[in-house]
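Undergrad: Below you will find the structure I want to go over with you.
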Amino acid sequence: MKDSYESPLSSRYADKKMKYLFSPDKKFRTWRRLWIALAESEKELGLNITQEQIDEMKAYQDDINYDVAEAREKEVRHDVMSHVYAFGVQCPKAEPIIHLGATSCYVGDNTDIIIMTEAMQEVEKKLVSVLRVLAKFADAQKDQPTLAFTHFQPAQPTTVGKRATLWMQDLLMDLEDVRYQLSKAKLLGSKGTTGTQASFLELFDGDHEKVKKLDKKIAEKMGYPGVFPISGQTYSRKLDSQMLNVLSGIAQSAAKFSNDIRLLQHLKEVEEPFEKKQIGSSAMAYKRNPMRSERIASLSRYVIADALNPAMTASTQWFERTLDDSANKRISVPEAFLAVDGILNLYRNVADGLVVYPKVIMQHLERELPFMATENIMMDAVKRGGDRQQLHEHIRQHSMAASKVVKEEGGENDLLQRIADDKIFGVTMQELKEVVKPEKYVGRAPQQVTEFLEETVQPVLAQYAGVADDAVSINV
């Protein structure tokens, strides 16, 4: 439809799998699975529920009569009871026991947890995919010297591969957070209207053990190890905040990467992929703007800000529950996952197509390395019998003169030629060129890359050896 608003996260950025997880169909199918799990568990614990009723419910588990539910909701203005009614229309034998003892939060909250958990599992897979791509890039570029920057001012050289390991380390920290969050996954269970399980205690004639077992059975049937031991009517909204904090961390890492690529593309050292017929600017046809990296930065900013929503919601819940969470979490939680899905798709696409320009990198190094090499040049001259203080003064003067040529005259750095021409140093231009070879100034960067990949990254990736990378397509 072109005449009504559609979230760009759906139309432009997130992929089909993540969009389905937050779709109405996924939600309502999960509601029916939860109603079946509840009925099965209540039957197993002795309530008067027949296998015939359960089989009838299972037969219509995925065949949702949306028209009936929508018509009913217009009458009763309650989404859960509308779907209870619609399910009962299809399952007349089971109709009396559907949703028995439960509140709306039984299906609503448990479903929210299930969807967030499955969505976080998708995020986990995509993080691993990005790490795989970056690992290949870092290994291929581990020996390529490049000018490092502190304060975006030229600093001691590093290598292109070493810089990539900085991006990877951030993502590994995010992956740890994702895995930790998933390791805590648990359902709300069946807690009743204020979390006291009073309705279920009534159903089971005061048998506390059966009420406790009901919680565990439902969790097991839904594939979860357990439930929150304590709740009000809802699971603690702190869970939503924790989930989005993890997503915010990923967005922070991705934004850092995208900013680095944008700066490198300005320097013409590294570029994001640019397709044959892609247009960089409507006015300036020659331009190759880092549009995908900018999009990563843009979406990341949204996620970082969005993470404040569940934090504020969690902090303002009253007693056993209030409903001011509902409208907010319907927007903030899905949108954060959809945005991170888009971010990771873009991250992988950019990382997989990075273009490195070694000649430009070397030009920048040659412009700055003479200044960085002056201490080595001076020490070598001292070893040959020179006076350290005199040498230092000569280097100071030559450096200032060379800097003036570069900054005021727009010329090339001629510091090495000035030193070669100064007899106090007793060194030839050829010898100086040996002194300023970039690979001599990168320290352990190449070895650090190899060690990091072998000792830190590969053991993590090996745990996902059986998890294939999904195909990624960038819509715009």
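Undergrad: Give me the extension gain from Arg388 to Glu431: residue separation times 0.36 nm, minus the current Cα-Cα distance, reported in nm with one decimal.
TA: 13.5 nm
Undergrad: Highest mean first, what order results for 21-34, 419-432 on Cβ atoms within 10 Å?
TA: In decreasing order of mean packing, 21-34, 419-432 become 21-34, 419-432.
Undergrad: Could you order peptides 289-299, 378-388 by the average number of other Cβ atoms within 10 Å of their residues, highest first?
TA: Values: 289-299: 20.5, 378-388: 13.4.
Final packing ranking: 289-299, 378-388.
Undergrad: Mind sorting Val80, Val340, Val449 by how few other Cβ atoms lie within 10 Å of their own Cβ, fewest first? It would help to have the intermediate numbers written out before the result.
TA: Numbers: Val80 18, Val340 34, Val449 26.
Ordered from fewest to most neighbouring Cβ atoms within 10 Å, Val80, Val340, Val449 come out as Val80, Val449, Val340.
Undergrad: Roughly what angle does helix 160-183 make with the longest principal axis of the chain, taking Cα atoms, 0 to 90 degrees, to the nearest 10?
TA: Result, in degrees: 20.
Undergrad: I've got another one for you. With a cut-off of 8 Å between alpha carbons and a minimum separation of six or more residues, what is the relative contact order of segment 12-97 in percent?
TA: Values: 59 pairs, mean separation 21.7, N = 86.
Value for segment 12-97: 25 percent.
Undergrad: Can I ask one more? Roughly what angle does helix 238-267 make with the longest principal axis of the chain, taking Cα atoms, 0 to 90 degrees, to the nearest 10?
TA: It is inclined by approximately 30 degrees.
Undergrad: If I fit a long axis through the Cα atoms of helix 388-408 and take the longest principal axis of the Cα atoms of the chain, what angle between them do I get, 0 to 90°, rounded to 10?
TA: Between helix and principal axis, roughly 70 degrees.
Undergrad: Oh, and also: Filter the cross-link list Lys142/Lys256; Lys162/Lys437; Lys43/Lys329; Lys359/Lys440 down to pairs whose alpha-carbon distance in this structure exceeds 22 Å.
TA: Details: Lys142/Lys256 20 Å; Lys162/Lys437 18 Å; Lys43/Lys329 34 Å; Lys359/Lys440 18 Å.
The pairs that break the limit, which is 22 Å between Cα atoms, are Lys43/Lys329.
Undergrad: Please sort 348-361, 119-132 by packing, taking for each peptide the average over its residues of neighbouring beta carbons within 10 angstrom, highest first.
TA: Values: 348-361: 17.2, 119-132: 20.6.
In decreasing order of mean packing, 348-361, 119-132 become 119-132, 348-361.
Undergrad: Pop the C-beta distance of Met173 and Asn48 into the FRET formula with R0 = 45 Å and round what comes out to the nearest 0.05.
TA: On the way: r = 53 Å, r/R0 = 1.17.
With R0 = 45 Å, the Cβ-Cβ based efficiency is 0.30.
Undergrad: Let me have the relative contact order for the chain, percent, based on Cα pairs under 8 Å that are six or more residues apart.
TA: Relative contact order, the chain: 18 percent.
Undergrad: Return the percentage of antiparallel bridges among DSSP beta bridges fully within the chain, rounded to the nearest 5 %.
TA: Of the beta bridges lying entirely in the chain, close to 90 percent run antiparallel.
Undergrad: Further question: Quick one: go through segment 226-247 and flag any residue whose amide nitrogen is under 16 Å from the point 7 Å out along the Cα-to-Cβ line of Trp318.
TA: Only 233-234 fall inside the zone, counting backbone N under 16 Å.
Undergrad: For segment 374-435, what relative contact order do you get, as a whole percent, if you take Cα pairs closer than 8 Å and at least 6 residues apart?
TA: On the way: 45 pairs, mean separation 19.9, N = 62.
RCO, segment 374-435: 32 percent.
Throughout, read-outs are computed from the coordinates displayed, never taken from laboratory work. The shown structure was predicted, so the numbers you read here are calculated from the model rather than taken from an experiment. Neighbour counts run over all protein chains shown; Cβ positions are idealised from the backbone, glycine included.
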